[in-house]
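Participant: After the structure tokens below, expect a handful of questions from me.
The values are calculated or read from the model by the stated rules, or taken from the named source; none is laboratory data. The structure displayed is predicted, hence computed values, not measured ones. As a convention, Cβ positions derive from the backbone with ideal geometry for all residues, glycine included, and neighbour counts pool all protein chains shown. Ligands, DNA and RNA are excluded from the accessible area calculation, which covers all protein heavy atoms including side chains. Shrake-Rupley method; radii C 1.70, N 1.55, O 1.52, S 1.80 Å.
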Amino acid sequence: TCFGDHHVIVQTAQGPSVGILFRFIEGAEPDLETEITPLGRQVGRLHVLMEEFPEPLIRRGKEFYIDRYISILHDLDYQSGRIDELADFGLELWASMERLPAGFCHGDLHTGNMRQSGPDEYVLFDFDAESNTCSLVDVATLCDCSDFNRFDEAAYSQTMGMFERFNQGYRVEREISDGEIAAMFDFIAIRHYELIATITRCQGLDDLSRAFLDEQHEWLMNWRNLCGRKGLG
């Protein structure tokens, strides 16, 4: 590790776990602003390579991406009207994803899960969320310019700009359909459902305040309205 250790002990909800160092990666977290195009090509290569992977992969569906969060809201006795709104929005979002072809995705593809080891060379890690769901998941995650807690309409155009630069590299290896591009904005909302549920599974319900849930409800409803105005809702 960075501190010279060969293993780490991590406390989880299931008890202590031991992580053993396999290989230390020299390098630093890539700067997304400057590296987005070559990163796009590497992600494209990954997706094409995994099309030939011979073993079955997990298929993550609506239960994983949407329903876990809705279940958490019921467990917390959150406002029933808002739960219904989020459940309905979740149905809309997942209907968009179901129209897309299945494909490999890393599942948590942000720059914190990669190291730049040289010019246009990146090492990807933390594959615990990988699945055979939809390759668009990785595209949307990496190109997302929105703030998770603060809604800003400018994030829509910023994300599209980031995607266009990403796609300059990605399309060298693989084409992205118009349907996938449109669904990218749906997955940005889906990631809110999924991330909150995943973090809560690790940390417990006590860390979810009512103010945070209200903030997330407002963010998601604003995103729904924004995408509707853009003709993608």
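Participant: Which count do you get for residues in region 1-25 that are assigned to a strand (DSSP E or B) and in contact (Cβ under 8 Å) with a residue 40 or more places away in the chain?
Facilitator: The total comes to 1.
Participant: Given the criteria modelled with pLDDT under 95 and not basic (K, R), does F64 qualify?
Facilitator: No; evaluated as a whole, the condition is false for this residue.
Participant: A further question follows. Within region 157-175, count every residue that is acidic (D, E) and surrounded by 16 or more Cβ atoms within 10 Å (Cβ to Cβ). If you could, list the steps in order and put the result at the bottom.
Facilitator: As a first pass, look at region 157-175 and keep what is acidic (D, E): 164, 173, 175.
Filter again for surrounded by 16 or more Cβ atoms within 10 Å (Cβ to Cβ), leaving 173.
Counting residues in region 157-175 that are acidic (D, E) and surrounded by 16 or more Cβ atoms within 10 Å (Cβ to Cβ) gives 1.
Participant: Tell me which residues, restricted to region 40-58, are open to solvent by less than 60 Å² (accessible area, probe 1.4 Å) and touching a residue at least 60 places away in the same chain (Cβ under 8 Å).
Facilitator: G40, Q42, V43, G44, L46, H47, V48, L57
Participant: Just to be sure, is A183 aliphatic (A, V, I, L, M) and open to solvent by 60 Å² or more (accessible area, probe 1.4 Å)? Spell out how you get there, then give the answer.
Facilitator: Numbers: aliphatic (A, V, I, L, M): yes; open to solvent by 60 Å² or more (accessible area, probe 1.4 Å): no.
Here the answer is no, as A183 does not meet what is asked.
Participant: Follow-up. Kindly indicate the residue of region 78-97 that is without any contact (Cβ under 8 Å) to a residue 12 or more places away in the chain and small (G, A, S) and also nearest to L208 (Cα to Cα) among those meeting that condition.
Facilitator: Ranking the qualifying residues of region 78-97, first place goes to S80.
Yes/no per residue for (1) among the hydrophobic types (A, V, I, L, M, F, W, C); (2) open to solvent by 40 Å² or more (accessible area, probe 1.4 Å):
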residue: C2; (1), (2): yes, yes
residue: H6; (1), (2): no, yes
residue: Q11; (1), (2): no, yes
residue: G15; (1), (2): no, no
residue: L21; (1), (2): yes, yes
residue: A28; (1), (2): yes, yes
residue: D31; (1), (2): no, yes
residue: P38; (1), (2): no, no
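Participant: Which of the residues belonging to region 26-40 are within 19 Å of the chain's Cα centre (by Cα) and either in a helix (DSSP H, G or I) or under 16 Å from D126 (Cβ atoms) (or both)?
Facilitator: Within region 26-40, E29, P30, L32, E33, E35, I36, T37, L39, G40 meet the criteria.
Here's the yes/no breakdown for (1) surrounded by fewer than 17 Cβ atoms within 10 Å (Cβ to Cβ); (2) hydroxyl-bearing (S, T, Y); (3) on the phi < 0 side of the Ramachandran plot; (4) out of contact with any strand residue (DSSP E or B) (no Cβ under 9 Å at 6 or more places or on another chain):
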site	(1), (2), (3), (4)
R60	no, no, yes, no
I72	no, no, yes, yes
D75	yes, no, yes, yes
F89	no, no, yes, yes
E98	yes, no, yes, yes
G107	no, no, no, no
E121	yes, no, yes, yes
V137	no, no, yes, no
T141	no, yes, yes, no
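Participant: Note down all Cβ pairs under 6 Å where the first residue falls in region 183-212 and is farther than 24 Å from F163 by Cβ, the second is among the aromatic types (F, W, Y) and open to solvent by 10 Å² or more (accessible area, probe 1.4 Å), and they're at least six residues apart or on different chains.
Facilitator: Within 6 Å, no pair qualifies.
Participant: Looking at V123, is it out of contact with any helix residue (DSSP H, G or I) (no Cβ under 7 Å at 6 or more places or on another chain), under 24 Å from P56 (Cα atoms) and touching a residue at least 12 places away in the same chain (Cβ under 8 Å)?
Facilitator: Numbers: out of contact with any helix residue (DSSP H, G or I) (no Cβ under 7 Å at 6 or more places or on another chain): yes; under 24 Å from P56 (Cα atoms): yes; touching a residue at least 12 places away in the same chain (Cβ under 8 Å): yes.
Criteria met by V123.
Participant: Taking region 187-226 as the search range and keeping residues that are among the aromatic types (F, W, Y) and surrounded by 13 or more Cβ atoms within 10 Å (Cβ to Cβ), which one is farthest from E98 (Cα to Cα)?
Facilitator: Of everything passing the filter in region 187-226, W219 is farthest from E98 (Cα to Cα).
Participant: Do any helices (runs of 4 or more DSSP H) entirely within region 102-204 hold 3 or more residues that are at pLDDT below 95 and under 23 Å from R45 (Cβ atoms), and if so, which?
Facilitator: By residue number, 178-203.
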